[in-house]
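The values are calculated or read from the model by the stated rules, or taken from the named source; none is laboratory data. Everything numeric here is computed off the predicted structure, so don't read it as measured data. Note: ideal-geometry Cβ built from the backbone for every residue, glycine included; neighbour counts use all protein chains shown. Calculation scope for accessible area: heavy atoms of the full protein, side chains included, ligands and nucleic acids excluded. Shrake-Rupley method; radii C 1.70, N 1.55, O 1.52, S 1.80 Å.
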Amino acid sequence: MPQSVEGRIEANKRVIGLLAPELQKHHLLELQGNRYMRVAGGIALAPALGFTISVHDVQRSEDADGVWFACRAELKDVISGLTLAEATGYVGMDEKRWATAPRFARMSMCQTRAIAKL
């Protein structure tokens with residue numbers, strides 16, 4: 001029998017309470033006085049809350065503005081199988097850091113950015 005929305009929210013609060021010390025210790029970044037969870041923290045937290053994250057193929061594109069890589073990430077509910085969120089990550093060759101990076105590194109960063117948006 002499927003869990004009610006309220007029951008799942010309460011269960012997730014308990015899970016987050018148990019994981020919070022570990023997430024705070026290893027997965028938070030302080031930037032300009034604000035604390036942000038790193039991508040790895042979200043990846044670690046998702047399955048504990050009943051979600052899966054998947055990233056689809058990285059695509060290389062080119063137009064008059066230049067070359068870039070794009071890929072899409074999805075957040076799915078394990079119980080229902082429904083896609084709850086989608087996000088697209090991009091890496092452009094006009095970015096100083098990525099202009100000379102190896103192709104695999106640009107593709108990996110594209111995936112990281114898509115996941116981070118979820």
> Can you give the angle from 0 to 90° between the axis of helix 5-26 and the longest principal axis of the chain, with both taken from C-alpha atoms, to the nearest 10?
Replying inline: 60
> Do you know the relative contact order of the chain, to the nearest whole percent, from alpha carbon pairs under 8 angstrom that are 6+ apart?
Replying inline: 20
> How large is the charge dipole for the stretch 2-118, taken about the Cα centre, if only the Cβ atoms of Lys, Arg (+1) and Asp, Glu (-1) carry charge, to the nearest 20 debye?
Replying inline: 380
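Per DSSP H run of at least 4 residues, take -39500 (n - 2.57); add these up for the chain, divide by its residues and hand me the 222 nm value, nearest 500 deg cm²/dmol. All intermediate terms of the calculation are to be shown ahead of the outcome.
Details: 4 runs with 51 residues, N = 118.
So the helix-based figure for the chain works out to -13500 deg cm²/dmol.
As an exercise, use a Förster radius of 41 Å and the Cβ-Cβ distance of ALA99 and ASN34 to find the FRET efficiency, rounded to the nearest 0.05.
Numbers: r = 28 Å, r/R0 = 0.70.
The calculated FRET efficiency here is 0.90.
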>> I'd like the orientation of helix 103-117 relative to the chain: the angle between its Cα long axis and the longest Cα principal axis, in ° from 0 to 90, rounded to 10.
In response: 40
> Can you pull the percent of the chain's accessible area that's carbon plus sulfur, 1.4 Å probe, other chains left in place?
Replying inline: 56
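Rg(Cα) of the chain divided by 2.2 N^0.38 Å?
Details: Rg = 17.1 Å, N = 118, 2.2 N^0.38 = 13.5 Å.
Compactness ratio reported: 1.27.
If you count only protein heavy atoms with a 1.4 Å probe, what accessible area per residue comes out for the stretch 12-118, rounded to a whole Å²? Write down the numbers at each step before the final one.
Values: 7150 Å² over 107 residues.
For the stretch 12-118, the per-residue accessible area is 67 Å².
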